[in-house]
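Values in this text are rule-based calculations from the coordinates and carry no lab data. The shown structure was predicted, so the numbers you read here are calculated from the model rather than taken from an experiment. Every residue, glycine among them, receives a Cβ derived from its backbone with ideal geometry; neighbour counts consider all protein chains shown.
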Amino acid sequence: MTTVLQTITLGGGCFWCTEAVFVCVKGIVDVESGYCNGHVLRPGYSQVCTGATGHNEVVKLVFDPGQISVNEILQVFFTIHDPTTLNQQGHDIGTQYRSGIYFSSSAHELQAREIIDEMTRSGVYRSAIVTEVLPLANYWAAEDYHQDYFAKNPQQGYCAAVAAPKVAKFRRTFARLVQPLKHGA
C-alpha cells in the first residue's frame, strides 16, 4: 500500500527559521521555502522584502500523514512563532512575515480553524491569534540560495541568534517528533 503524501504551507516569519525547524520533524519529507498569496507573478526576494507584492515568506511542507498529523504539524507551528503579532515576528516587520496557514485541502482548513479556536478558548495566548487561514494562492519557490539556508549557514548572525533557538525549542518541546538528523539540522 502506497502512502499518499499531503502538503500544507505555513508562514511564521522568516522562512529560514521556519524551514530550519520543519526539516527536523519526523514525517516531513520535503520542505521548500517560498512566497505565497501575493499579486505579483514570480516574485523575487528583493521584491517580497518591500512588502509591496503582498506575498508571505512561507515553507511548503510535504508530509506523510501516516507519520505525522496536520494537528501535530500545527502544534509545532504555533510553538515556534508568535501568532499574535500582526505582520511581525521579533525584529522582522512587514506583511511578508505574517502568520498564516495556507491550505489546498478543506480538511486542512478545518483542522487549522479548530486548533485556533481551541487555543483561543483555552487562553494559551494573552492576545488574540491573528494567523490567517486561506487557500494557497500564487505560490513560488524562493531562490535556490534560500533553500536549506540554516543548514548551510548555521554560524551566520541571524541564523545563530534567531533560527537556532527555534530549532532548540522544537527539539526540547517535541522530542517525540524529532527525526534523525537530516539536511545538516
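Here are a few things to note about the model shown:
- Once divided by 2.2 N^0.38 Å, the Cα radius of gyration of region 84-173 becomes 1.28.
- Pairwise label distance in nanometres, ASP117 with ALA161, each label 7 Å out on the Cα-Cβ vector: 4.1 nm
- Percent of alpha-carbon pairs separated by more than 19 Å within the chain: 56 percent
- Computed label-point distance, nm, for sites ALA137 and TYR45 using a 7 Å Cα→Cβ extension: 2.7 nm
- Fewest-first sequence of HIS146, HIS39 by Cβ atoms within 10 Å of each Cβ: HIS39, HIS146
- Ranked list, fewest to most other Cβ atoms within 10 Å of each Cβ, for SER46, SER99: SER46, SER99
- Ellipticity at 222 nm from helices only: DSSP H runs of n ≥ 4 in the chain, each -39500 (n - 2.57), divided by the residue count, give -8000 deg cm²/dmol.
- Positive-end residue of THR85, ASN138, THR9, charge dipole of the chain with Cβ unit charges: THR85
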